[in-house]
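First comes the structure, then the notes that go with it.
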Amino acid sequence: MNLLDAIGNTPLVQLHNITKGTQAKICAKLEFTNPGGSIKDRISRYMVEKAEKEGKLQPGQTIIENSSGNTAMGLAIVARQKGYKLKIVIRDTTSKEKLKMLQVLGVDVIAVDASLPPEREDSYNNYAKNLAAKNPDLFYIDQHNNLNNNEAHYMTTGPEIWEQTKGKIDYFVAGIGTGGTICGVGRFLKEKNPNIKIIAVDPFGSIFYDYFKHKKLIEPYRYFIEGLGDEFLIKTAQFEYIDDMIKVTDKNSFEYAMKLAYEEGIIAGGSSGANIWGALQIAKDLDENKRIVTIFPDSGYKYFSTIYNEDWWKQHNNFAD
Ligand SMILES: Cc1ncc(COP(=O)(O)O)c(C=O)c1O
């Protein structure tokens, strides 16, 4: 088997301990079992292969992308397997473990100041795009506006969930980062059964919730959950596939990631904590006949210096409100 064929077909497991006190069944798709350690392997392969087929990406070109680390890892694997070079723009708040992994894979990493206003030329959101515009040897993947990101989930994650649950699914709850996961899976599940409810989880500080609920663009502010939320509206956030959205704090996300470890033996990242917290909020109103599916996008091994480190909690005043 080729390494790229090992991407996807991840397990869906039922949670039994963290769900105590709720009636509905909650299942989680363990995306950290992908070869690059996250759900982003799926879109990395799909976006690169689509660009190759469409003739947009030529042999010898360098792929460039801005990523919270996981897409970077996925692209690194795809680039290594297919012989492309890779340049990645990350925020300087990205965990040390993710940075180290990219260095081990020989990726050219550019870390930008996460506190720069998003409209600045050299901000996280603009840096890769601007560099690619000036240099024809660079191919900008643009996971935030590339609908092949969503299509990857429509073609793989969605059908896998449908098969693994044999169609017995009532809610899909997932964090919204690019929106690729929730909108791609949401579109697939709604085509199968329009009664399935799609619920997004958005961090406090991100703009999505207020836009979704009130068409209002708030001033974004800093939060520490990696991979979720945004400061801008982006093309891949296709709100038409989302039924409702809930807000999550850094504290709830990180505490629930730790609870997953203590109670289920699953060492997952902060967005998995956000997702299980969200799923449990939805479960409160449901009976035992209902099933919620959620996603654990990446592993906790990438966050031992942050979420699983007491000093880091202290540095951030224990994420007190
Ligand atoms: C750790 C983690 N969780 C969740 C997400 C969100 O997934 P999506 O971009 O498909 O909305 C990301 C995306 O970067 C991520 O890195």
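The values are calculated or read from the model by the stated rules, or taken from the named source; none is laboratory data. Because the structure is a prediction, the values reported are computed rather than measured. Ideal geometry is used to build each Cβ from the backbone, glycine not excepted, and the neighbour counts take in all protein chains shown.
The table that follows gives values for the structure above.
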| read-out | value |
| --- | --- |
| Long-range neighbours under 6 Å by Cβ, at least six apart or interchain, first residue within 18 Å of E160 (Cβ to Cβ) within the stretch 1-21, second of a type in the set (S, T, N, Q) | L4/Q81; I7/N34; G8/T156; T10/T33; L12/Q164 |
| Search result, residues across the stretch 45-58 that are within 15 Å of A76 (Cα to Cα) and touching a residue at least 40 places away in the same chain (Cβ under 8 Å) | R45, Y46, M47, V48 |
| Selection from the stretch 156-190 of residues that are of a type in the set (A, V, I, L, M, F, W, C) and more than 17 Å from the chain's Cα centre (by Cα) | W162, I169, F188, L189 |
| Of all residues making up the stretch 200-230, the number that are crowded, with 21+ Cβ neighbours inside 10 Å and among the acidic types (D, E) | 3 |
| Residue within the stretch 200-207 that is within 16 Å of the ligand (Cβ to nearest atom), at pLDDT 95 or above and of a type in the set (D, E, K, R) present | yes |
| Within the stretch 208-238, tally of residues that are closer than 14 Å to A174 by Cβ and in contact (Cβ under 8 Å) with a residue 40 or more places away in the chain | 7 |
| Any hit, the stretch 280-302, residues being in contact with an Asp or Glu (Cβ under 6 Å, 6 or more places away or on another chain), in the same structural domain as R187 (by TED's automatic domain parsing) and surrounded by fewer than 24 Cβ atoms within 10 Å (Cβ to Cβ) | yes |
| Residue in the stretch 38-67 that is modelled with the highest pLDDT, counting only those that are part of a loop (DSSP other than H, G, I, E, B) and crowded, with 24+ Cβ neighbours inside 10 Å | I39 |
| Among the residues listed as I169, I176, the single one being in the same structural domain as S271 (by TED's automatic domain parsing), more than 16 Å from the ligand (Cβ to nearest atom) and β-branched (V, I, T) | I169 |
| Candidates G69, G55, filtered to the one that is on the phi > 0 side of the Ramachandran plot and under 17 Å from the mean Cα position of the chain (by Cα) | G69 |
| Subset of the stretch 133-155 that is of a type in the set (A, V, I, L, M, F, W, C) and within 24 Å of L4 (Cβ to Cβ) - its residue that is nearest to the chain's Cα centre (by Cα) | A152 |
| N195 being in contact (Cβ under 8 Å) with a residue 12 or more places away in the chain, away from the ligand (no atom under 13 Å from the Cβ), of a type in the set (S, T, N, Q) and in a loop (DSSP other than H, G, I, E, B) | yes |
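Here's the yes/no breakdown for (1) in a helix (DSSP H, G or I); (2) without any contact (Cβ under 8 Å) to a residue 40 or more places away in the chain:
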site: K251; (1), (2): yes, no
site: Y256; (1), (2): yes, no
site: K259; (1), (2): yes, no
site: I266; (1), (2): no, no
site: S272; (1), (2): yes, no
site: W277; (1), (2): yes, no
site: Q281; (1), (2): yes, yes
site: E288; (1), (2): no, no
